[in-house]
Amino acid sequence: MQSIKQVLSGDSLDMPVRIRGWIYRTRSSGGIVFAVIRDSTGIVQTTVKKGTVSDGDFESASNAGIESAVEVQGTLAEDNRAPGGLEIRASGFKVVAFSEPFPITEYQSTELLLDQRHLWIRSREQTAVMRVKAAMLRGGREWFHENDYVEVTPPMITGVASEDSTQLFQIKYFDRIAFLSQSAQFYLESLIFSCERVWTLTPSFRAEKSRTPRHLAEYWHLEMEAAWVDNEGNMKVQEELVAAMLECAADECPAELQLLGRDPATLRKIAPPFDRMPYAEAMEYLQKNGFDALWGSDLGAVEERALTKDRETPLFIVNYPKELKPFYMKGNPDDPRTYKNSDLLAPEGYGEIIGGSERETDNALMIERLKDKGESLDNYQWYLDLRKYGSVPHSGFGLGLERMVTWVCKLEHIRDSIPFPRTVARVYP
Ligand code: NSS
């Protein structure tokens, strides 16, 4: 048995081949069935001619509709009418399982496709996205391994909000209340005292009420934390990691990227260093471009699009005003109104994919900021402990994997970067 990719890319011309997969589309004319078969690697046309296969096989081929599971053997031949210029002339066509009429046909509403998500993920676009995502993850994992980071396993059930306490999912935890994790950051910060450089990939949960093309209620979060690293060092890690992820996707998935409308060459061109722009400068740029961008206002999707739409490489926005960011960031001595932090914005208008910072090491400052936000210190006691026993300068960041996939795969909506999107409107299927 060969994969369709192997059949199409090897030197199988005029050779016997065997594949298995699902019927992607099919039609018959006269005594010939033209069935395009897909597997996880691609599609190929098969022609099944009456008299060339057994009568039983011909009848099966004639009756098998879209998504029937089949096994085909035959000879690979050139045919310029077939997609890709090659087809399999069948000598055998076995149906493993006939499909009932498939509920998804060519033009369907977004809602129907979301209701039928368990079936829609068979589409070629969805398959391509999943392969690209896997390649990006492999590139990232290898980069961390080569750079001496330890992969760690933080909890997903927590008692604290690391980001926005208004966006916590609350769960019943025996006879108490607990929360689903928004970020593994505080646990990673604890782990640097043993492993120094750590990273993890976990789901993060945000009870985002807003329906936007870039927010999920559950997303995959690639986070790292490292001792002895300042904010500039933190950005170096981000640009190297992002470049490694892009390179792996371009190397392993050129055909998938092309299917999605992404030229892999545009990803290969992206190499460190990425431009750095202070928040203050971003505001000036926005004002010049007709935005009402006052100091202290946040950068939303629209502002980030304006900043990145004409760029081909990612852009760091650095040193945000303190009022826009969480309490744990290190103050910026060069401009005390701001933190030593960065958001990494993807080019082509896509916007934020990473948030990171150097971490505050002064407990008195953090306590003051928590009190200002009206947070109870009790929940943060263990986190504050970390600054008491041999605290060191350290930094870290979180990369929203689906945000990055949305950019790399040129998707219009983040829900297509994950097989089963969780949004305010949907937990089915
Ligand atoms: O809130 S973040 O900006 N930062 C943190 O959670 C830090 N505690 C991470 C860290 O330093 N370890 O989220 C990080 C990234 C952000 O840049 C987005 O790319 C992504 O996580 N993100 C999301 N992706 C999809 N959906 C939602 N709702 C979402 N929220 C953040």
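No value in this document is a laboratory result; all are computed from the given coordinates. Because the structure is predicted, anything quoted here is derived from the model rather than measured. Quick reminder, even Gly has a Cβ in these numbers, built from the backbone with ideal geometry, and neighbours come from all protein chains shown.
What ranking do 165-173, 209-217 get when scored by the average of other Cβ atoms within 10 Å per residue, highest first? Intermediate values should be presented prior to the final figure.
On the way: 165-173: 12.7, 209-217: 15.1.
The packing order, highest mean first, is 209-217, 165-173.
Comparing Ile43, Ile19, Ile177 in a Gaussian network model of the chain (Cα springs below 10 Å), the most mobile by mean-square fluctuation is Ile177. Label-to-label distance, Gln6 versus Val392, with points set 7 angstrom from Cα along the beta-carbon direction: 4.8 nm. The modelled label-to-label distance for the pair Ile367/Ser109, using points 7 Å beyond Cα in the direction of Cβ, is 5.7 nm. Peptide packing: for 337-350, 187-200, the average count of neighbouring Cβ atoms within 10 Å per residue gives the ranking 337-350, 187-200, highest mean first.
Across the range 1-80, Cα pairs under 8 Å and at least six residues apart give a relative contact order of 38 percent. Across Gln108, Gln182, Gln238, mean-square fluctuation computed from a Gaussian network of the chain (C-alpha pairs under 10 Å connected) peaks at Gln108.
Karplus-derived 3J(HN,Hα) values for the range 234-246, using 6.51 cos²θ - 1.76 cosθ + 1.60 with θ = phi - 60°, are 4, 5, 4, 4, 4, 5, 5, 4, 4, 4, 5, 5, 5 Hz; glycine and proline are entered as x.
The ellipsoid that matches the Cα gyration tensor of the chain has semi-axes, each √(5λ) in whole angstrom, of 50, 23, 20, with the longest given first.
Looking at the chain, the DSSP beta bridges with both ends there are about 85 percent antiparallel. Note on Phe174 and Lys410: their simple-model spin labels are 5.3 nm apart, each label 7 Å out from Cα toward Cβ.
In order along the range 152-158, phi translates into HN-Hα couplings of 10, 10, x, x, 9, 9, 9 Hz, rounded to whole numbers, per the Karplus curve 6.51 cos²θ - 1.76 cosθ + 1.60 with θ = phi - 60° and x for Gly and Pro. Mean projected area of the Cα convex hull of the range 92-221, taken over all directions, amounts to 13.7 nm².
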